[in-house]
Amino acid sequence: MKIPTDVLEVLTDGRTIISGDRIQIPFQLDAALYQRVNTMLKDVGGRWDGRKAVRAHVFPYPVEEFMRACLAAGEWPSRYEQGWYPTPPPVVFEMLEHASVRVGHTVLEPSAGTGAIAEKAAAELGIVDCVEIDARRAHVLRGLGIARKVTEADFLDLDPLAIDEPYDRILMNPPFEQAVEHVTHALGFMKDGGTLVAVLPESVTWRVDRATERFRAMVTEAEGEFVRLPDRAFAASGTSVTTVLLVLDGEPGGPLHTHGWHQRQPTQLDLFETV
Ligand SMILES: C[S@@+](CC[C@H](N)C(=O)[O-])C[C@H]1O[C@@H](n2cnc3c(N)ncnc32)[C@H](O)[C@@H]1O
């Protein structure tokens, strides 16, 4: 999102203090301009703290370097552009009902946001690893202290065969525009016999493009299940998109392209050796 010129002027004003986890604007703005500044700062995770000793927007991550990059670029990565819609607690509850995370299960959350799902999986005593592309949210995840490992990366760039151990459970609410890609990729990190539970836009159950049709065929073949969620399940996170839960069990030797399936594929080297 482009930073409006007058907001940019406020944030680059020599009197504005951007330091640590807060931004302080120690001069008067008219109401309309304050609203615009506030809208931007809230969108990047800031919260106004009006207490006398603070009187600043406070962020759950170190804001200085991030804000310097935004001001230099004249824009900021909107939470919506990155598809950040935290999963509301009732949906997480339903996911866990389907996933049955047991003590000691390894759990992957491959687009973990600020941990709405990961935190509850950890509360079930799962051993949780998180991946998150956004540096600010990865910082928040580390601060929660619930994950064994937080990887700041594009999940789609990670190689399923580079991990030590595949996961018992995969719990995810990926960015909706790339939901099919994310789930297909995530299966490569799952154990045979594991379970994947994903929040997906309901459109995956009817879209007729080739990738979505292929995805549904895979779900049918693996006897997976789409479970409809209430119409406004994500209203609290700012979207009215209708959603479903996908539940997929990776039967050993079954059709899903799990970690085991990837390992069983012949490598280029094997091919040469058989010639
Ligand atoms: C719909 S939100 C869900 C967040 C979290 N899973 C939850 O349920 O609250 C999607 C998250 O995926 C992250 N994301 C988007 N693309 C990604 C990618 N390629 N790799 C890893 N994370 C990604 C976004 O930054 C955002 O935090």
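The values are calculated or read from the model by the stated rules, or taken from the named source; none is laboratory data. From a predicted model like this one, the values you see are computed outputs, not experimental measurements. Quick reminder, even Gly has a Cβ in these numbers, built from the backbone with ideal geometry, and neighbours come from all protein chains shown. Heads up: the accessible areas ignore ligands, DNA and RNA and are worked out on the full protein's heavy atoms, side chains in. Shrake-Rupley method; radii C 1.70, N 1.55, O 1.52, S 1.80 Å.
Here is how the numbers come out for the structure above:
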| read-out | value |
| --- | --- |
| Fluctuation leader among 62, 26, 88 - the chain, Gaussian network, Cα springs under 10 angstrom | 26 |
| Rel. contact order, % - alpha carbon contacts under 8 angstrom, at least six apart, segment 22-139 | 20 percent |
| Exposed trypsin sites (Lys or Arg not before Pro) absent - longest run of the chain, DSSP non-H/G/I/E/B, at most 10 other C-beta within 10 Å | 53-275 |
| Accessible solvent surface per residue of the chain, calculated while the other protein chains remain in place, 1.4 angstrom probe, Å² | 52 Å² |
| Dipole in debye (nearest 20) - the chain, about Cα centre, beta carbon charges: Lys, Arg +1; Asp, Glu -1 | 1160 debye |
| Contact order relative to length of segment 5-73, as percent, for alpha carbon pairs under 8 angstrom and 6 or more apart | 37 percent |
| Student exercise, segment 132-231 dipole from Lys, Arg, Asp, Glu Cβ charges, in Debye to nearest 20 | 260 debye |
| Accessible area of segment 89-263 belonging to carbon and sulfur atoms, whole % at 1.4 Å probe | 50 percent |
| Accessible area of segment 5-73 belonging to carbon and sulfur atoms, whole % at 1.4 Å probe | 52 percent |
| Three-way shape call for segment 5-73 based on the alpha-carbon gyration tensor, with the a/c threshold at 1.5 | rounded |
| Whole-number percent relative contact order across the chain, with pairs defined as alpha carbons under 8 Å at least 6 apart | 14 percent |
| Heavy atoms of residue 10 accessible to a 1.4 Å probe, total area in Å² rounded to 10 | 10 Å² |
